[in-house]
2 protein chains.
Amino acid sequence: MALVVHKYGGTSMGSIDRIKNVARRVAKWHNAGHQVVVVPSAMSGETNRLIGLAKEIMPEPDQRELDMVTSTGEQVSVGLLSMALMQQGKQAVSFTGWQVPVKTDTSHTKARIQSIDEEKIRENLDAGKVVIIAGFQGISEDGNITTLGRGGSDTSAVAVAAALKAAECLIYTDVDGVYTTDPRVVTDARRLKKITFEEMLEMASLGSKVLQTRSVELAGNYHVPTRVLSSMTDPDIPLEEEAKSGTLITFEEDSHMEQTVISGIAFSRDEAKITVVGVPDRPGIASRILGAIASANIEVDMIIQNQSINGKTDFTFTVPRPDYNRAMDLLNNQIKAEIGATDIIGDAKVSKVSAIGIGMRSHVGVASKMFGTLSEEGINILMISTSEIKISVIIDEKYMELAVRALHKAFGLEQM
Amino acid sequence: MALVVHKYGGTSMGSIDRIKNVARRVAKWHNAGHQVVVVPSAMSGETNRLIGLAKEIMPEPDQRELDMVTSTGEQVSVGLLSMALMQQGKQAVSFTGWQVPVKTDTSHTKARIQSIDEEKIRENLDAGKVVIIAGFQGISEDGNITTLGRGGSDTSAVAVAAALKAAECLIYTDVDGVYTTDPRVVTDARRLKKITFEEMLEMASLGSKVLQTRSVELAGNYHVPTRVLSSMTDPDIPLEEEAKSGTLITFEEDSHMEQTVISGIAFSRDEAKITVVGVPDRPGIASRILGAIASANIEVDMIIQNQSINGKTDFTFTVPRPDYNRAMDLLNNQIKAEIGATDIIGDAKVSKVSAIGIGMRSHVGVASKMFGTLSEEGINILMISTSEIKISVIIDEKYMELAVRALHKAFGLEQM
């Protein structure tokens, strides 16, 4: 008898039949005596369709008006899901973001949630209703509709769970949990029963796109136990079984019972590496280079600056591959002369592979094992970056799968 | 330099190109110095698509949730139109019903507007913006989204024009005005430059479906000059020409300059006639019969009760043809025995033809001319109903076109 928040993604809401399945699953939880709040996404394809219409009219859509348009996808979902629950004999009520209200800042298309009013939700839960809240959206203090950006429904669900101090936030999705690595690359990748928020954060930001990074951060900040599980199972499987399935993201480090050093191998294929060669080593040069890149809305991930020799240094960083050409143009046509660099060297065929684990903190030798394993496979490491619970390397794209498989095996991830 | 309200229907908003045309037309008015509020409908087909989704889930959709779903159609329209206006170099801002707010009662799917807050609209108009308001929708006092029912965007537009005391409410549609009769039936039907609200009301409710009856009533009650005109003309035609086009519905009876007796011939093909035979002529019988029909949500139009003979009378009324079978079943299986009627006789192949004109008030002989004309064509009149500005007859369906053409000619409607 707990209060739980269910989140269903676009694929889970992708057709009338799937919406009916979601309703059956939710009804099962309600029948067992739980209070259930559901946060659905728009039906799959709908948000893209709406953005497409907007862009046909205005190639760079006005952000406020775009939110006006795209927020309708989730509004349709909540109404339909509410009806589907009524057909399951449940009392249900849907709310848009502004009706709750979910209050956000004024940053249209990438708004941040500031607060969630729980009164209306609790009132309806206490009246025995399933409460359905539109994900991805909120209202700013000036009364405009805002959206949270791509994948924002995850964030909505976790924020609602935090506001209601829910026992658990269940993120139903088209995968059945978080794996030690991508099973498409390593066939004996293993589903993790638990993962800490910090590990999940690294996994999410490194391209294991199960959960939006912001939602994981939020879950960590508010200590919301969050479970990633499959919406593709039979909705009528026993609740006890379903409640234990998937991967639980936990804020208790002690709960990391398995006591492994490394929890997973994450990777990101589409990276590009750029080196600004022969940069005068004086204050402000790095910020000049990165400032120009950031102004062009290009995200920089790893950054390395070599020891300077004779007052000159090389400055290397990675950018998402789709932004590579733009970044190279910017540097060659603008920055190079400005800062007096000798050359700009780029490589758009690199990938990033990372070993992640909270256990790394207390174990020495993870780095040497990682580098040794790659070396044994003849894989050259182009860049290295480390954090408390993560070691990332940039390697030639063609070795990526080989590296992931070798590391997965070296850290014994398949055996447990 | 006036404040005008433009309303565009689903066909006018039916594609990206058409939305761009709407924006060009609105920009033309704004460029000429007018303040413009635009009330668009959902893109054509969208409301039906949304209702279809809802009905797939819940054959008799919950009304509150249906409003949640269907109101998104207009929300998408306002966002897109706002962007299209920005592309025309205009400042524009869109509002949903709840943002204005347009306050309604709580009758979901058929709500009535109670008040419209003009503050936000005026503030934005005064700032030089085109203001775009979602038609068809509002918010109830309990904070739920409501919709006004089919064709509700006409009503929204007129209500906004009334609240703002607009100089004119321009209803842009896929016809270029109100005609003396349907041009598909009478090829030399003529477009009326002006029509009074009372005449328009009779035209609208009698099946000349240019404007929703409610919106005409509202325009009449609040003395909103309302013009029906085409959205299919070149958006760049001179404003002076466009501003005089279409048909102006006016509340000034004196403005009916043309001084004709009859303004138009309206008709409604799909009628059905039912006679309850041998009804005991005692108080309460009529209300018993019509009450049962009304309870089944069947609208009754014309009603005739004959002089009673030997304490018995016949009671005849018309219903929309799609409701005929239901009405007959109800009467035969339930009412007939209850009230002791002798028989129930029905005819589902009748049509209604009406002559309408404010000039009828001061002219005798309209009825005799109408009946004489029909008689000359050998058309038998089955029922007659009259009001101050209208005479309607029920005739055999197969004579409908003939009757309309004969009356159109007899009253000289093509000659003016």
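The values are calculated or read from the model by the stated rules, or taken from the named source; none is laboratory data. All of these numbers come straight from a predicted model, not from anything done at the bench. Every residue, glycine as well, gets a Cβ built from its backbone with ideal geometry; the counts of neighbours run over all protein chains shown.
What's the total number of residues in the stretch A:375-395 that are touching a residue at least 40 places away in the same chain (Cβ under 8 Å), within 24 Å of A:Thr313 (Cβ to Cβ) and surrounded by 15 or more Cβ atoms within 10 Å (Cβ to Cβ)?
Final tally of qualifying residues: 7.
Of everything in the stretch B:134-149, what is more than 12 Å from chain A (Cβ to nearest Cβ) and closer than 18 Å to B:Cys169 by Cα? Give them in sequence order.
Across the stretch B:134-149, the qualifying residues are B:Gly135, B:Phe136.
Here's the yes/no breakdown for (1) under 29 Å from A:Pro283 (Cα atoms); (2) surrounded by 15 or more Cβ atoms within 10 Å (Cβ to Cβ):
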residue	(1), (2)
A:Gln307	yes, no
A:Arg361	no, no
A:Thr373	no, yes
A:Leu402	no, yes
A:Ala410	no, yes
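Has the stretch B:163-173 got any residue that is closer than 21 Å to B:Leu81 by Cα, β-branched (Val, Ile, Thr) and in a strand (DSSP E or B)?
The answer is yes; a qualifying residue exists.
So in the stretch A:97-130, with the set limited to residues that are under 23 Å from B:Glu60 (Cβ atoms) and within 13 Å of another protein chain (Cβ to nearest Cβ), which one is surrounded by the most Cβ atoms within 10 Å (Cβ to Cβ)?
A:Val130
Considering only the stretch A:111-129, I want to know if a residue exists there that is of a type in the set (D, E, K, R), within 15 Å of A:Ala163 (Cα to Cα) and assigned to a strand (DSSP E or B).
No, the stretch A:111-129 contains no residue that is of a type in the set (D, E, K, R), within 15 Å of A:Ala163 (Cα to Cα) and assigned to a strand (DSSP E or B).
A:Asp347: free of Cβ contacts under 8 Å to residues at least 60 places away in the same chain and among the acidic types (Asp, Glu), yes or no?
No, not satisfied.
Among the residues of the stretch A:67-82 satisfying the criterion of being within 7 Å of chain B (Cβ to nearest Cβ) and in contact with a Lys or Arg (Cβ under 9 Å, 6 or more places away or on another chain), which is surrounded by the most Cβ atoms within 10 Å (Cβ to Cβ)?
If we take residues in the stretch A:67-82 being within 7 Å of chain B (Cβ to nearest Cβ) and in contact with a Lys or Arg (Cβ under 9 Å, 6 or more places away or on another chain), then A:Ser82 is surrounded by the most Cβ atoms within 10 Å (Cβ to Cβ).
Yes/no per residue for (1) touching a residue at least 60 places away in the same chain (Cβ under 8 Å); (2) more than 29 Å from B:Ala84 (Cβ to Cβ):
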| position | (1), (2) |
| --- | --- |
| A:Asp67 | yes, no |
| A:Ser107 | no, no |
| A:Ile121 | yes, yes |
| A:Arg150 | yes, no |
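So which residues in the stretch A:29-46 are away from chain B (no Cβ under 13 Å), in a loop (DSSP other than H, G, I, E, B) and touching a residue at least 60 places away in the same chain (Cβ under 8 Å), if there are any at all?
A:Ala32, A:Ser41
Matching residues to (1) part of a helix (DSSP H, G or I); (2) polar (S, T, N, Q); (3) over 22 Å from B:Glu199 (Cα atoms):
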residue	(1), (2), (3)
B:Leu290	yes, no, yes
B:Ile304	no, no, yes
B:Thr316	no, yes, yes
B:Asp323	yes, no, yes
B:Ala327	yes, no, yes
B:Ile345	no, no, yes
B:Ala367	yes, no, no
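Residue check, A:Gly177 against (1) in a loop (DSSP other than H, G, I, E, B); (2) under 16 Å from A:Ala111 (Cβ atoms); (3) small (Gly, Ala, Ser), all met but one. Which one?
Exception for A:Gly177: condition (2).
So which of B:Val93, B:Val26 ends up being more than 10 Å from chain A (Cβ to nearest Cβ) and crowded, with 20+ Cβ neighbours inside 10 Å?
B:Val26
If a residue must be assigned to a loop (DSSP other than H, G, I, E, B), modelled with pLDDT of 90 or more and at negative phi, how many such residues does the stretch B:193-238 contain?
12
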